[in-house]
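Only one structure is covered here, and it is reproduced in the block below.
The values are calculated or read from the model by the stated rules, or taken from the named source; none is laboratory data. Predicted model only: the values in this text are computed from it and were never measured. Please note: Cβ atoms are built from the backbone with ideal geometry, for glycine as well, and neighbour counts cover all protein chains shown.
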Amino acid sequence: MPRLCQTEGLSEDQSEILKAVRTFVTEKILPVATELEHADEYPTDIVEELKELGVFGLTIPEEYGGLGESLLTYALVVEEIARGWMSVSGVINTHFIVAYMLMRHGTDEQKQKYLPRMATGEVRGSFSMSEPGLGSDVAAIKTKAKATTLDDGSDGYEITGQKMWLTNGGSSNLVAVLVKTDEGAESVYKNMTTFLVEKESGFGETAQGVTIPGKIDKMGYKGVDTTEMVLEGHRIGADQVLGGESGRGFYQMMDGVEVGRVNVAARACGVANRAFELGIAYAQQRETFGKPIAEHQAVLFRLAEMATKVETAHAMMVRAARLKDRGERNDVEAGMAKYLAAEYAHEVVEASFRIHGGYGYSKEYEIERLYREVAFLLIGEGTADIQKMIIGRALLKEYKL
């Protein structure tokens, strides 16, 4: 095993899982990742094999057919997968967040209905908070659900609005959607509800009143589908309100986002680790002035800085995951891990890009793909500025005079 990104205190089961995933990444993902990414092709074969490995049910309890593993195990698996191709980790990230929200907040009926099929990958999840022009201001969402009576006489809602930036928006068939409901509460945060919207996989009209227009063309992070979702009078039963109680959507989503930020930190660690691997390998092969460039002090110092950043980010990600596994609030730690890991990943990838010189600009070299992919980590699950606001406000409360 390589020296970097080692984690102390893992069980034998955890170590075996990580060993299997690393082997899978090396043999099945790395050889095809760049070709699929350049073609913007969904990794169908890879996803099917991940189902067989049990990755889609990694954290789902055994009683629902999953493996019942911790957030830490999941984060370390994501780190390995992102080392191979970050887009593949995106395929399972939103699925995991929806499964986590169901485990934590779903009714018994909702858990029985979805979790066993999510564990096998039959049901694939995505989630949606953002809207066009909204950015990180979640409280400003405009998509609304109005109470109504459905055709069978049961209580329900009619949802209208437009959602944005759904990872797995096309390939998923279950979407956790945050919308406004008029609860009459003084706080805007208590006027939001999470709905579990079922749809068909694909694009176009995928359910009554639900349209997925198509894939958004992105600079990087290709292969995985990122979409909009348009809701026009989508009628849905009250039993599809997450947890069976309206007005709790914001808090449910924020709980999901905390584990999502650990996930993004893990992805950043994986990308940074791969960039370091590529940089240190190239530095030993490329010669200038009669010796490998790794022997030039400028490159040697750069490699040392890269490795230190990879290790630091990994340690913070592991700490944030372990806090959540203990049942503690980890908003600050997850924000710190996501912020630092994303920034360091960007710096490590750029340093590796510089080591590659002109070849780093060529699509024949893997570092070109990483250079485009890593930009997503700076904005996904909340920008660096949002993380700093969360961290700063929490610290002011902790250290209040």
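Brief remarks follow.
- Test: Ser171 is surrounded by fewer than 23 Cβ atoms within 10 Å (Cβ to Cβ), within 21 Å of Tyr100 (Cβ to Cβ), in contact (Cβ under 8 Å) with a residue 60 or more places away in the chain and polar (S, T, N, Q): yes
- Residue in the stretch 219-226 that is outside the structural domain of Ala321 (by TED's automatic domain parsing), on the phi > 0 side of the Ramachandran plot and surrounded by 17 or more Cβ atoms within 10 Å (Cβ to Cβ) present: yes
- Only one entry in Glu373, Glu350, Glu364, Glu343 is modelled with pLDDT of 90 or more, surrounded by 22 or more Cβ atoms within 10 Å (Cβ to Cβ), acidic (Asp, Glu) and closer than 29 Å to Ile293 by Cβ, namely Glu373.
- When residues in the stretch 42-64 are screened for being surrounded by fewer than 18 Cβ atoms within 10 Å (Cβ to Cβ) and touching a Gly at 6+ places or on another chain (Cβ under 6 Å), 3 of them pass.
- Among (1) part of a helix (DSSP H, G or I); (2) more than 21 Å from Glu373 (Cβ to Cβ), the one test that Cys269 misses: (2)
- Complete set of residues in the stretch 106-133 that are assigned to a loop (DSSP other than H, G, I, E, B) and either surrounded by 18 or more Cβ atoms within 10 Å (Cβ to Cβ) or among the small types (Gly, Ala, Ser) (or both): Gly106, Gly121, Val123, Arg124, Met129, Ser130, Glu131, Gly133
- Filter pass, His314 being surrounded by 16 or more Cβ atoms within 10 Å (Cβ to Cβ), assigned to a helix (DSSP H, G or I), in contact with a Cys (Cβ under 6 Å, 6 or more places away or on another chain) and not assigned by TED's automatic domain parsing to the domain that holds Leu72: yes
- Test set (1) in a strand (DSSP E or B); (2) surrounded by fewer than 18 Cβ atoms within 10 Å (Cβ to Cβ); (3) of a type in the set (A, V, I, L, M, F, W, C) - Ala139 fails condition number: (1)
- Subset of the stretch 126-161 (residues that are more than 27 Å from the chain's Cα centre (by Cα) and on the phi < 0 side of the Ramachandran plot): Lys146, Ala147, Thr148, Thr149, Leu150, Asp151, Asp152, Ser154, Asp155, Gly156, Tyr157, Glu158
- Residue, modelled with the lowest pLDDT, within the stretch 163-218, restricted to residues that are among the acidic types (Asp, Glu) and farther than 14 Å from Gly125 by Cα: Glu183
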